[in-house]
Amino acid sequence: MVDIVLPDGKKLTMESGAQVMDVARQIGAGLAKAALAGRWNGQNVDLSYPLRESGTLEIITEKSPEALEIIRHSTAHLMAQAVKQLYPQTQVTIGPAIENGFYYDFDPIEPFTEEDLQKIEARMEELAKQDLPVVREELSSSEAIAKFRAMGELYKVQIIEELHAETVSLYRQGDFQDLCRGPHIPSTGKLKAFKLLSVAGAYWRGDEKNKMLQRIYGTAFADKKELQQYLEQVEEAKKRDHRRIGKELDLFSFHPEAPAMPFFHPKGAFIYQELISVIRELNTAYLFQEVITPQILDVSLWHQSGHYENYKDNMYFSSIDERDYAVKPMNCPTHVKIYSTRLHSYRELPVRLSDFGRVHRYEKSGAVAGLFRVRSFSQDDAHIFCLPDQITAEIGRVIEMVYKVYRSFGFATINVRLSTRPEKSIGSDEIWQKAESALDKALVSQGIDFKLNPGDGAFYGPKIDFKVLDAIGREWQLGTIQLDFSMPERFGLKYVDSDGSEKSPVMIHRAILGSVERFMGIIIEHFAGRFPVWLAPEQIRIIPVSHSFNAYAQSVQEEFASHGLRAQTDLSDEKMGYKIRQAQLEKIPYMLVLGDKEQESGQISVRYLSGNQENGIARDQFIQRVLELSRQRSLSF
C-alpha cells in the first residue's frame, strides 16, 4: 500500500501500482472527467503513471498552471499524426511546446503551403473528434531504433542514438507513434481549441550546416474562448508590427551590406536619442558617471574576462598588425579596465560607470527579427563597483530606476524573475551561492514579488530580470541586474579597506532598456506608432487651406521652432482632406489647419490624432501646453 497526500493535506491509501487516474476516480467522478495529467512529487506525469511509493499528488486539469504546456505538447503530436496521414513520406523530427504555442519540424518531399496548413488542421479536428487513447510505452533503445528505422523515421533514430539511454518512451495514438518523454493528455478528445499559424524554414538541430526543414507553428488552449482571445491578440500584433510601422513612418531600414544592423533615419534617430536621454538624465540623478570605451580590443582581454570561452560563437574577430582582436559584444571588461587604472579607497566606493557604447554580437540569420534581435546595437549599460555591504542598497537604487522608467512608458505590470546559475558558467559554487543569496535579499528588502528562473543566469553571475506587459498584454523581457563576484577576481580588481588591507570589490551589471534597438521596437508596437507628444519625431503638422496662407503657416512653424517644438508645414498641392489623412497615417499628434480666420485672429484650430478638434486656441496657450506635456514626458496628448 502507498499513502497519497493531496494538495489539501488529506491522505488516501491506495494499492501499490495504482495509477494517477485511479486516485482521480477515488476523489470524484467530476475530477476524473476533467483530469489531464498528474503532478507526482513535483513532477508532471501521465494519468496512467503507476504509484509505487508514498508521495504527494495533484491532479492536473484545464485550470492548472501546468495544463497549457501539456495541452500544447499533445497538440504538436496531433499535428504530426495529421501530417503523416496526409503526407506519408514526410519524416518527423521534434515538436515541443513553446511560450505561446508549439511547433513541429518536418522533412517533407515538397515544402508545405498555406493550403497544406488548412488541410492539416482539418485532419487534426477529425482526429480529435475520434478521441483516440494516448498510450505510453517503454522500449529498449535498440528496439526503438529498429522500430523507427523500419518506419523510415531516420531523425528519430539519430535522436535515440544521441540519448545513449537504455530505454526510451514512446506515445501511440491510433496509427501514429512518436518518441517522447511526455507527459500527454489521456486521449485526443481532450484537445478542443487549436490553430495552425504559419510555416517557416528551420535547420535540423538549429545548425546552418544541416538540412533545412519545414517548421509548422501553431497554438492551443484549454477552450475556444481563450484561443479566440489569443488569435485576436495576434491580429492586433500584426497591425502593430514595428517592422511595418517603422517603414510607414520612415524610422529605420535594413540593407544587405550590413545584415541585421539597422540604419536609423532622421525620425527614428530622434526617438533613439530621446530614449538615451531618458536614461542619461536618470543616470545623472543616481550619480552614475558616463564613459566612452573602444569597440575593438585585443582577444586576450576576452580570454581574461571569460567571454571568449563562453561567448566566442557570438563574437566578431579581426587581425591587425599580427595581433588578434575582437569587436566587443559587451561593455563590462572595458569598465573593469577603467576601474583598474588606480587603486581605490573603500571611501570612494561605490564607483558607478555608465556607457552607451555600441556592441556587436553574431546572431544566426534565422534568429534575427527586425529591431528585436540585431547584430549591432547599443545598451544603456552600467556597472557598479561596490563593497559587499553596499550590494542591497545599490540594487535597491537600480530597482527604483527600473520602475521609474517602465512606468513612464505606461508599462503598468512589471514581472520580476531571479535567474540562477546556468550550466555553462564560471566561478565556484560558493561564489554563486553568495551572489544568488544577495540578489534574493535585495528583492525581499524592496518588498518585490518575484519568481525563480532556474539556470537562466549570465555565465558570470545570477541576475534579476524585469518583464513588462505591453498595451495588448504581451510580455517582454527588458532590463536586468546581474551580480558578479568572478570578474573582479579574474582581473585582480582591488580597493583598500578601512583596516588597510586590499580586497576585491563586487561588480553589479545593469541595463534598464536593455538594447536600445529592441526597446525601441517594443515601444513602437506598444504605442502602435502613436507616440506621446514628447517622443513624437514630428509633433505638429501645419496645413494651410490654400497656397495664399503658406507664408502665414511658415511663420507659425518658425514661431513653434523657436520654442523647441517640432513642426512641419505641408506645402504640397494636394487637397486639404488628403493632407489631413496623410498626417493621420503618419500618426502626427497635432494637425493645425490654418485659413483666413486663423490668420486674422492669430489663433489656431487644432485637430488631434484621435479625430477630435479644438478651435480658437491662442498660439502661446498651445505652445505652453505642448511644452509642458513634453517636459513632463506625459503619455497624454
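Hey, does the range 276-285 have a residue that's more than 27 Å from the chain's Cα centre (by Cα), at pLDDT 95 or above and assigned by TED's automatic domain parsing to the domain that holds residue 520? Checking the range 276-285: at least one residue is more than 27 Å from the chain's Cα centre (by Cα), at pLDDT 95 or above and assigned by TED's automatic domain parsing to the domain that holds residue 520.
Of everything in the range 537-563 that's part of a loop (DSSP other than H, G, I, E, B) and at pLDDT 95 or above, which residue is farthest from residue 591 (Cα to Cα)?
From the range 537-563, those part of a loop (DSSP other than H, G, I, E, B) are 537-539, 545-546, 563; that's our starting set.
Imposing the further condition that a residue be at pLDDT 95 or above reduces the set to 537-539, 563.
Working: 537: 14, 538: 11, 539: 9, 563: 18 Å.
Top of the filtered list is 563.
Exactly one residue out of 158, 214, 228 is closer than 30 Å to residue 362 by Cα and surrounded by fewer than 19 Cβ atoms within 10 Å (Cβ to Cβ): that is 158. Restricting the range 321-342 to residues that are in contact with a strand residue (DSSP E or B) (Cβ under 8 Å, 6 or more places away or on another chain) and more than 26 Å from residue 398 (Cβ to Cβ) leaves a set whose member that is surrounded by the most Cβ atoms within 10 Å (Cβ to Cβ) is 326. Give the residue that is nearest to the chain's Cα centre (by Cα), with candidates limited to residues of the range 101-111 that are more than 18 Å from residue 148 (Cα to Cα) and either basic (Lys, Arg) or surrounded by 16 or more Cβ atoms within 10 Å (Cβ to Cβ) (or both). Applying the filter and picking the extreme gives 101.
The sole residue among 114, 126 that is more than 25 Å from residue 21 (Cβ to Cβ), surrounded by fewer than 18 Cβ atoms within 10 Å (Cβ to Cβ) and under 30 Å from the mean Cα position of the chain (by Cα) is 114.
Just to check your reading of the model, which residue among 277, 319, 300 is without any contact (Cβ under 8 Å) to a residue 24 or more places away in the chain and either under 30 Å from residue 400 (Cβ atoms) or among the charged types (D, E, K, R) (or both)? Explain how you work it out, then say what you get.
Values: 319 fails: either under 30 Å from residue 400 (Cβ atoms) or among the charged types (D, E, K, R) (or both); 300 fails: either under 30 Å from residue 400 (Cβ atoms) or among the charged types (D, E, K, R) (or both).
The conditions single out 277.
When we screen 558, 525, 600, 574 for residues that are under 21 Å from residue 625 (Cα atoms) and of a type in the set (Asp, Glu), the only hit is 558. The one condition from (1) surrounded by fewer than 23 Cβ atoms within 10 Å (Cβ to Cβ); (2) closer than 30 Å to residue 203 by Cα that residue 63 does not meet is (2). For the range 273-281, the criterion of a residue being over 19 Å from residue 372 (Cβ atoms), in a helix (DSSP H, G or I) and in contact with a Lys or Arg (Cβ under 6 Å, 6 or more places away or on another chain) is satisfied by no position. For the condition among the acidic types (Asp, Glu), within 27 Å of residue 346 (Cβ to Cβ), buried (at least 16 other Cβ atoms within 10 Å of the Cβ) and assigned by TED's automatic domain parsing to the domain that holds residue 354, residue 430 does not qualify. Scanning the range 8-64 for residues that are within 21 Å of residue 222 (Cβ to Cβ) and over 38 Å from the mean Cα position of the chain (by Cα) gives 27, 28, 29, 30.
Tallying residues that are over 36 Å from the mean Cα position of the chain (by Cα), surrounded by fewer than 16 Cβ atoms within 10 Å (Cβ to Cβ) and assigned to a strand (DSSP E or B) within the range 566-613 yields 1. Quick test for you: out of 131, 175, 116, pick the one residue that is among the acidic types (Asp, Glu) and in contact with a helix residue (DSSP H, G or I) (Cβ under 6 Å, 6 or more places away or on another chain). Answer to the check: 131.
In the set 66, 115, only one residue is closer than 29 Å to residue 476 by Cα and among the charged types (D, E, K, R); that residue is 66. In the set (1) touching a residue at least 24 places away in the same chain (Cβ under 8 Å); (2) in a loop (DSSP other than H, G, I, E, B), the condition left unmet by residue 109 is number (1). Among the residues making up the range 105-119, those that are touching a strand residue (DSSP E or B) at 6+ places or on another chain (Cβ under 6 Å) and within 21 Å of residue 219 (Cβ to Cβ) are 105, 106, 112, 117. Scanning the range 482-507 for residues that are crowded, with 24+ Cβ neighbours inside 10 Å and either within 26 Å of residue 274 (Cβ to Cβ) or among the charged types (D, E, K, R) (or both) turns up just one, 484.
The values are calculated or read from the model by the stated rules, or taken from the named source; none is laboratory data. Bear in mind the structure is a predicted one, so any value in this text is a computation, not a measurement. Don't worry about glycine lacking a Cβ; one is built from the backbone with ideal geometry, like all the others, and counts go over all protein chains shown.
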